[in-house]
Amino acid sequence: MREITDITTFTSEKPTVITIGTFDGVHLGHQKIIKRVVETAHKNGLLATVFTFFPHPRMIVQHDQQLKLIHTLTEKKQFLQSLGVDLLIVQPFNEVFANLSAEAFVSELLVKHLRAEKVIIGYDHHFGKNRTANIDNMRLFGEQYGFSVEEIPVQEVDEVSVSSTKIRQALNEGKVEVAEYYLGVPYSFTGKVVHGLKLGRTIGFPTANLQVEASYKLIPKDGVYVVYSLIEGRKVYGMMSIGKNPTIQGKGASIEVYFFDFNQDLYGQDLTIYFVKYLREERKFSSVSLLKKQIQDDETAARKAIAL
């Protein structure tokens, strides 16, 4: 997959089949559209092309700096590549681009630079300044500039009633299994293993402390989860605690994983953690011994959940 971040200096060597969108999460509805693009393009000897944006338009247009995303840009690229996309346009979304008229977007970017032969978009797609243009406008542009437009109807995109907003809401409520249903894969994030206070090992539960680099990455609701990671090709299950650590004075917020039946130095490594199940909310215990008892109970519940 080829990635382009400055389309003004690029012209596609072959005509393209294009879909356009933010595609946060690349959920099942998105996947339907992208698979149609790939299938159509490859059947006709064209380039399967995704035109997406970064940062998220809401961060610029609505100045929503608190918005957390389901996928980092790196994760989104990896997922799109796995779906067979040939050409990925990552358009820097800024005030200038936000003010680009719908016709300028089509004539300059889709037609001149990307040589669009076909555009495939969902029934509710809007584009151009203030998102005033819709699929009917795209069809008119297609007639004017010589490309066809295919609409993915509501019953196909919404057959599982899925949206990025619903996935974010589910994760903010700790409903990682709901998010997995919408995404088609377990929700995950990647973090670097860093040194912590090493208090876990003093009570028999050594943990890997994770630091997630992308500040805009959505971290699910505070609490305890069943998770797994792929370490040297092996699936290793464990429990993850996300929260403020109210029982341990001075510890502060952290993300830490206790892996079952595992004893290996992970410091400095990047680990991708996959969420399996939400176990419980974070609680404050009156003593470390009570915290230890609860962690033991959590491990029992986690092992039962994954039938280890």
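The values are calculated or read from the model by the stated rules, or taken from the named source; none is laboratory data. None of the values given here were measured: they were computed from a predicted structure. So basically every Cβ, Gly included, is an ideal-geometry build from the backbone, and we count neighbours across all protein chains shown. Side chains are part of the model used for accessible areas, which takes the heavy atoms of the whole protein and leaves out ligands, DNA and RNA. Shrake-Rupley method; radii C 1.70, N 1.55, O 1.52, S 1.80 Å.
Points to keep in mind about this one:
- In the stretch 43-62, the residues that are touching a Gly at 6+ places or on another chain (Cβ under 7 Å) and not small (G, A, S): T52
- For the stretch 30-59, filtered to residues that are in contact with a helix residue (DSSP H, G or I) (Cβ under 6 Å, 6 or more places away or on another chain) and within 26 Å of S215 (Cα to Cα), the residue that is least open to solvent (accessible area, probe 1.4 Å) is V50.
- Filter result for F147 (open to solvent by 20 Å² or more (accessible area, probe 1.4 Å) and assigned by the TED database to the domain that holds K32): no
- Residue among G200, G196, G243 that is under 26 Å from S289 (Cα atoms), open to solvent by less than 10 Å² (accessible area, probe 1.4 Å) and modelled with pLDDT under 95: G243
- Checking each residue in the stretch 25-50 for being touching a strand residue (DSSP E or B) at 6+ places or on another chain (Cβ under 7 Å) and closer than 18 Å to P153 by Cα picks out K32, I33, I34, R36, V37, V38, T40.
- Here D158 meets the list (1) in contact with a Gly (Cβ under 8 Å, 6 or more places away or on another chain); (2) modelled with pLDDT of 90 or more; (3) open to solvent by 40 Å² or more (accessible area, probe 1.4 Å); (4) of a type outside the set (G, A, S) almost entirely, failing just condition (2).
- Flag if S289 is in contact with a Gly (Cβ under 8 Å, 6 or more places away or on another chain) and either modelled with pLDDT under 85 or surrounded by fewer than 17 Cβ atoms within 10 Å (Cβ to Cβ) (or both): no
- Meets criteria (of a type outside the set (A, V, I, L, M), more than 13 Å from A302 (Cβ to Cβ) and at pLDDT 95 or above) for S229: yes
- Residue match in the stretch 22-45 (condition: among the aromatic types (F, W, Y), closer than 17 Å to E151 by Cβ and modelled with pLDDT under 95): no
- Residues of the stretch 171-192 that turn out to be part of a helix (DSSP H, G or I), under 13 Å from I70 (Cβ atoms) and open to solvent by 40 Å² or more (accessible area, probe 1.4 Å), as a count: 3
- The set of residues from the stretch 106-134 being part of a helix (DSSP H, G or I) and open to solvent by 10 Å² or more (accessible area, probe 1.4 Å) comprises S107, E108, L109, V111, K112, H113, K129, N130, R131.
- Of everything listed in (1) farther than 19 Å from G191 by Cα; (2) open to solvent by 70 Å² or more (accessible area, probe 1.4 Å); (3) more than 25 Å from the chain's Cα centre (by Cα), the single unmet condition for D265 is (1).
- Within the stretch 211-220, if we keep just the residues that are outside any strand (DSSP E or B), touching a Gly at 6+ places or on another chain (Cβ under 9 Å) and at pLDDT below 95, the residue that is surrounded by the fewest Cβ atoms within 10 Å (Cβ to Cβ) turns out to be E213.
- Among the candidates I89, I70, residue that is touching a Lys or Arg at 6+ places or on another chain (Cβ under 7 Å), under 22 Å from M1 (Cβ atoms) and modelled with pLDDT of 95 or more: I70
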